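Single-structure report; data block below.
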Amino acid sequence: MLPVLLAASPQAAPILRPQQIRPLPGSLDAVLMLNDNNPELISGPGILLSTFADPRHRDAHLDLPLNGRFDLFSHHVYAGTPEQPDSTIWLAVVAQPRGEQAVELSLLSGSTALSQSTDGREPQAPFLPLPERMRQDGFTYAGPGSRVATELLLRQRNPNLPKRWTLRPGSPTTLLLLPIPVQGLDPLLNGRNLQLRLQASGAISVATLAAFGNGNEPPNQQALAQILSSGELSPKEHKPTPRGARGRMVYSRVSGVQIGSTWSATVSDPGKSCLSTTSAPISWPIASLERGRLGTGQVQTAELKAHYPGTAWAAHGNYGVAYDIRIPLCNRSKSPAALAVALESPLKTDQAVGGLQFNSSPSRSVMFRGTVELNGLDGQPSRQSFHLVQRAGQQGPELGRISLTPGETRELRVRLIYPADATPPQVLSLLPVKQSPAPPDSLQP
């Protein structure tokens, strides 16, 4: 008997929400950020990223001095094997002065977390199935990227990270030595996210290394120095589509130094000092990228000052980048106006489609796990924070409202740090709230 062939259900057409989409004003600053994300899955020890200068191994070192303010973003996963179910790989951060004088290195802010802690001592953030919106109490996150970005956004300091280091010339100083263990986990898989905001009093070189220790013991200083001087890179992954090439786009992951740590913006109508409430519905891209410009023509991706061949040629996801957006709102009409604020994950497109497209039914693909902070909402004298879990093509949810009387102005401020494990782009939206009609005169007292 022939099997019965069932016709596949046609995919529901996306919902189009007609509205304005404007490029986000402002730009990235010039602060350099070490972006250490290729390989994401560490398959062996070696140099992950190095700005050291070593003429013997030019392919392993980017030869880029760092001075003053700079950042570090590192995100990796390690998978054990059945032959080594209790193994641990260590993430080391080392630094050394470029000259003959000692250099003071200060940690302005920083955080790190594992996906899962195997000893109960390391900060962790499992990928919990959280609701789409939760009020942020300082302890709400899903995944290490979500936790680290949240702690930095909320100005929390990780007590496990030193506040400063004195770097002596002649040999590298180990700033951090952090485990990524898999013992007792099923599957044998763990990840770590690390973000540091740093200030150096002089020119230095910095490197991140992957290393095995002796059993569960960390590698010693000599072992780390040997990895750094060996010129052996930890194997990279996912070669990118060349810039400008047609066809399928492989963004790859970043292993290099990007230009830009913070995107600051003040949003208003063209030629005006404020944004009129009548401009809504309106949205601005967050982390727009090549082939994901939502019809704005804007690519917010940080360019790379230096990077390894075979890795991403731009920081497409803008992981670790802080967005600080101020919107001076004004009601120029003769009637009260109310707007709802939302961060949304519309369907990715590069061309203008007359608005934003959303799925008509929920997707399984999570596009954003992270915290958004807002100032200027109705009835909230101080900043409010929400943790969001958004799926592909998801509208909203509403984060708060701004109600303005005729002639009133108020500034809305929105802050977020784009978290690892998010998939761009998102949009910041202001949506009109329908006003209840006034009751008939006959019903008025």
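Since every read-out is calculated from the coordinates, none of them should be taken as a lab result. What you are looking at is a predicted structure, and each value in this text was computed from that prediction instead of being measured. All Cβ positions, even for glycine, are placed from backbone atoms using ideal geometry, and neighbour counts span all protein chains on display.
Among 291-303, 264-276, 219-231, how do they line up by average Cβ neighbours within 10 Å per residue, starting with the highest?
Values: 291-303: 19.7, 264-276: 14.5, 219-231: 16.8.
Order by mean packing, descending: 291-303, 219-231, 264-276.
Looking at the range 262-416, I'd like the Rg to Rh ratio, where Rg is from alpha-carbon atoms and Rh is Kirkwood's inverse mean 1/r. Walk me through the numbers on the way to the answer.
On the way: Rg = 16.9 Å, Rh = 17.2 Å.
Taking Rh as the inverse mean 1/r over Cα pairs, Rg/Rh reads 0.99.
Can you give the relative contact order of the range 51-152 as a percent, counting alpha carbon pairs under 8 Å and 6+ residues apart?
On the way: 80 pairs, mean separation 17.0, N = 102.
Worked out over the range 51-152, it gives 17 percent.
HN-Hα J couplings of the range 402-416 from phi, Karplus 6.51/-1.76/1.60, θ = phi - 60°, integer Hz, Gly and Pro as x?
3J(HN,Hα) across the range 402-416, in whole Hz: 10, 10, 10, 7, x, x, 7, 10, 7, 9, 9, 10, 10, 10, 7.
Taking loop as defined by DSSP and a crowding limit of 11 other beta carbons within 10 Å, which trypsin sites (Lys or Arg not before Pro) in the range 36-142 fit? Let's see the in-between values first.
Values: sites: ARG56, ARG58, ARG69, ARG98, ARG121, ARG133, ARG135; in loops: ARG56, ARG58, ARG98, ARG121.
Passing both the DSSP loop test and the Cβ count: ARG56, ARG58, ARG121.
So for the pair SER363, ALA30, with labels modelled 7 Å out along Cα→Cβ, what separation do we get in nm?
3.8 nm
Mind listing which chymotrypsin sites (Phe, Trp or Tyr not before Pro) in the range 130-166 are in a DSSP loop and have 12 or fewer other Cβ atoms within 10 Å?
Numbers: sites: PHE139, TYR141, TRP165; in loops: PHE139, TYR141.
Loop-located and lightly packed - PHE139.
Considering only ASP421, ASP119, ASP59, give the residue with the highest GNM mean-square fluctuation for the chain, with springs between Cα atoms whenever their separation is below 10 Å.
ASP119
Return the sequence-ordered ³J(HN,Hα) values of the range 43-48 in whole Hz as given by the Karplus equation 6.51 cos²θ - 1.76 cosθ + 1.60 applied to θ = phi - 60°, using x for Gly and Pro.
Values per residue, Gly and Pro as x: 10, x, x, x, 6, 8 Hz.
Applying 1/(1 + (r/R0)^6) with R0 = 45 Å to the Cβ-Cβ distance of LEU128 and GLU100, what FRET efficiency is obtained, to the nearest 0.05? Spell out each step's value before the answer.
Details: r = 50 Å, r/R0 = 1.11.
So the FRET efficiency works out to roughly 0.35.
Under 5 Å between amide hydrogens, which residues at least 5 positions from GLU411 or on another chain qualify, with H placed 1.01 Å from N in the peptide plane?
Those qualifying (amide H under 5 Å, at least 5 residues apart or on another chain) are LEU329.
Taking H placed 1.01 Å from N in the peptide plane, check which residues at least 5 places from GLN395 or on another chain put their amide H under 5 Å from its amide H.
Residues meeting the criterion, in which the H sits 1.01 Å from N, do not exist here.
In terms of the Cα gyration tensor, with a ≥ b ≥ c the square roots of its eigenvalues, is the range 167-325 rounded because a/c is under 1.5, prolate because a/b exceeds b/c, or oblate? Don't skip to the answer; put the middle values down first.
On the way: a/c = 2.19, a/b = 1.86, b/c = 1.18.
It comes out prolate by the Cα gyration axes.
Where is the GNM fluctuation largest for the chain (alpha-carbon springs, 10 angstrom cutoff): GLY247, GLY202, GLY260?
GLY247
If you place +1 on the Cβ of every Lys and Arg and -1 on the Cβ of every Asp and Glu, how big does the dipole about the Cα centre of the range 283-431 come out, in debye to the nearest 20?
On the way: 15 positive and 11 negative charges, 20 e Å.
The calculated dipole for the range 283-431 is roughly 100 debye.
Could you give the radius of gyration (one decimal) and Dmax (whole number) of the Cα atoms in the range 46-139, in Å?
18.4, 54
Would you work out which of LEU91, ALA211, PRO419 lies farthest towards the positive end of the dipole of the chain, given +1 charges on the beta-carbon of Lys and Arg and -1 on that of Asp and Glu, about the Cα centre?
The residue sitting farthest along the positive end of the dipole is PRO419.
Considering only PRO55, SER74, SER109, whose Cα is most displaced toward the positive end of the charge dipole of the range 1-158, charges sitting on Cβ of Lys, Arg (+1) and Asp, Glu (-1)?
Farthest along the dipole direction, towards plus: SER109.
So what's the gap between the Cα centers of the range 317-335 and the range 381-439, to the nearest angstrom?
Going from one Cα centre to the other spans 9 Å.
How large is ³J(HN,Hα), in whole Hz, for each residue of the range 69-80 in order, when computed from phi with the Karplus curve 6.51 cos²θ - 1.76 cosθ + 1.60 and θ = phi - 60°, using x for Gly and Pro?
Working through the residues one at a time gives 7, 7, 10, 9, 10, 9, 9, 9, 10, 10, 10, x Hz.
May I ask you to derive the relative contact order of the chain, considering only C-alpha pairs under 8 Å and at least 6 residues apart, and to give it as an integer percent? Walk me through the numbers before you get to the answer.
Values: 1217 pairs, mean separation 101.8, N = 445.
The normalised contact order for the chain reaches 23 percent.
Hey, in the GNM for the chain with a 10 angstrom Cα cutoff, which one of SER365, SER27, SER74 fluctuates hardest?
SER365
List the residues, sorted by chain then number, that are 5 or more residues from ALA302 or on another chain and whose placed amide H is less than 5 Å from its amide H.
Hits under the 5 Å cutoff: ALA315, ASN318.
As a footprinting exposure proxy, order MET367, MET33 by other Cβ within 10 Å, with the fewest listed first.
Details: MET367 22, MET33 30.
Ascending number of Cβ neighbours within 10 Å: MET367, MET33.
Classify the range 137-187 from the C-alpha gyration tensor, please: rounded if a/c falls under 1.5, else prolate or oblate depending on whether a/b exceeds b/c.
Here the range 137-187 falls in the oblate category.
Considering only THR150, GLN221, ASN190, whose Cα is most displaced toward the positive end of the charge dipole of the range 134-223, charges sitting on Cβ of Lys, Arg (+1) and Asp, Glu (-1)?
Most positive-ward Cα: THR150.
Using the alpha-carbon atoms, what tilt in degrees (0 to 90, nearest 10) does helix 144-153 show relative to the longest principal axis of the chain?
For 144-153 against the chain, the angle is about 70 degrees.
I'd like the distance between the alpha-carbon centres of the range 196-226 and the range 99-146, rounded to an integer number of Å.
Centre-to-centre distance over Cα atoms comes out at 19 Å.
Report, in cubic angstrom per residue, the convex hull volume of the C-alpha atoms of the chain. Don't skip to the end; give the middle numbers.
On the way: hull volume 94.9 nm³, N = 445.
Convex hull of Cα atoms, per residue: 213 Å³.
Roughly how big is the chain's charge dipole about its Cα centre, with Cβ charges of +1 (Lys, Arg) and -1 (Asp, Glu), in debye to the nearest 20?
Using only the charged Cβ atoms, the result is roughly 1080 debye.
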